[in-house]
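To start, the structure itself, in structure tokens.
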Amino acid sequence: MDFPQTHELPPVTPQMVEPPVASSPPAPVENPVWSIPDVILLTLVVIASLFFSVIATALAAQRWYFHAGSFTPVLLKPMVGIVGQVGAYVLFFAVSYVFIRWERRQPFLAALSWNWPKDWYWAYAAFGVLLSFGLELVLGFLPTPKTLPINELFKTPAQAFFLSIFSVSLGPLAEEFFFRGFWYPALARRVGRTFSVFLTAIPFALIHAPQLASAWAPVLIILVVGIALGTVRALARSLGASLLVHVSYNSTIAILLYIGTDGYQHLEKLNQ
């Protein structure tokens with residue numbers, strides 16, 4: 001009597017009985033070695049250092065430069081505020097370096113995603129120039145006050161030179177490190193790149209509002225600049241790239257100002 005043939009089943013392996021392993025979550029778009037509370041604390045340090053630096057600058061100017069007069073008029077002088085910013089920015093860089101290099105034990109520039117664009121630096125510089133010309137053209141069609149508080153910084157050629165140098169060196173360097181270096185990656189890890197670009201552009205525009213009489217048109221232009229800088233930082237993953245655009249943008253304005261006032265010899269043209 002013939003029995004039906006049976007098919008031999010394959011042996012059971014551990015892989016067949018173990019449950020499937022869940023896939024790991026996607027890596028965050030940014031992963032800095034600091035958190036949002038860390039950046040809030042750094043912001044408080046910047047505000048405090050700015051306050052004390054401006055006060056110290058005013059006291060020094062009252063004693064050794066003006067030699068007379070009450071303290072309040074000296075404190076309200078625009079150049080006192082700019083010099084005070086220099087001191088605050090230097091302290092900001094010192095605190096930032098200590099925090100990243102010694103407290104978090106990370107390379108300073110690498111932690112901030114410096115990533116200098118070696119091959120495409122000229123494209124970022126060109127973008128800054130085009131952005132400056134384009135927004136100046138747009139601003140010409142918007143209602144803008146003829147006299148702005150920032151024009152008070154251009155009373156003399158010496159002040160104009162000082163402010164121009166500041167606007168293409170320490171000024172953009174500190175702003176990029178603060179907004180796109182520290183704040184952007186901390187926010188992007190939580191809410192994503194797009195929303196973080198806008199969140200950093202808004203305070204960037206607001207800190208310039210007092211110099212622009214809070215007029216909506218020039219403040220809007222600065223907001224667009226902040227969005228452009230944040231977008232470059234997000235897409236290129238490079239703080240060096242956004243700094244290059246920022247310096248190029250400011251340098252274009254400084255050069256046009258220099259040419260338009262005949263080498264800072266006719267600063268009255270700024271109010272015409």
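The values are calculated or read from the model by the stated rules, or taken from the named source; none is laboratory data. None of these values were measured; they are calculated from a predicted model. Methodologically, a virtual Cβ is constructed for each residue, glycine included, from the backbone with ideal geometry; neighbour enumeration extends over all protein chains shown.
Based on what the data block shows, is Leu220 of a type outside the set (D, E, K, R) and in contact with a Leu (Cβ under 7 Å, 6 or more places away or on another chain)? If you could, list the steps in order and put the result at the bottom.
Numbers: of a type outside the set (D, E, K, R): yes; in contact with a Leu (Cβ under 7 Å, 6 or more places away or on another chain): no.
Criteria not met by Leu220.
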Query - Residues located in region 139-166, provided they are loosely packed, with under 13 Cβ neighbours inside 10 Å and part of a helix (DSSP H, G or I) - result: Ala158, Ile165
Requested in this report: Would you please name the residue that is nearest to the chain's Cα centre (by Cα), looking only at residues in region 134-151 that are farther than 27 Å from Pro78 by Cα and not β-branched (Val, Ile, Thr)?
Outcome: Gly134
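Looking for whichever is of a type in the set (S, T, N, Q) and over 30 Å from Ser238 (Cα atoms) here; the options are Ser113, Ser70. Which one fits? Spell out how you get there, then give the answer.
Numbers: Ser113 fails: over 30 Å from Ser238 (Cα atoms).
Going through Ser113, Ser70 in turn, the sole match is Ser70.
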Requested in this report: Kindly establish whether Gln85 is part of a loop (DSSP other than H, G, I, E, B), touching a helix residue (DSSP H, G or I) at 6+ places or on another chain (Cβ under 7 Å) and either under 27 Å from Leu187 (Cα atoms) or not aromatic (Phe, Trp, Tyr) (or both).
Outcome: no
Requested in this report: Kindly provide the set of residues from region 197-212 that are surrounded by 15 or more Cβ atoms within 10 Å (Cβ to Cβ) and in contact (Cβ under 8 Å) with a residue 60 or more places away in the chain, ordered by number.
Outcome: Gln211, Leu212
Query raised in the report: Is at least one residue of region 126-139 of a type in the set (Val, Ile, Thr) and not assigned by TED's automatic domain parsing to the domain that holds Asp38?
Result: yes
Query raised in the report: Does region 36-55 include one or more residues that are farther than 27 Å from Glu176 by Cα, out of contact with any Ser or Thr (no Cβ under 8 Å at 6 or more places or on another chain) and modelled with pLDDT under 95?
Result: no
Report task. Please name all residue pairs, on different chains or six or more residues apart, with Cβ atoms under 8 Å, provided the first residue is in region 258-272 and is touching a residue at least 12 places away in the same chain (Cβ under 8 Å) and the second residue is in a helix (DSSP H, G or I) and of a type in the set (D, E, K, R). Result -> Thr261/Lys269
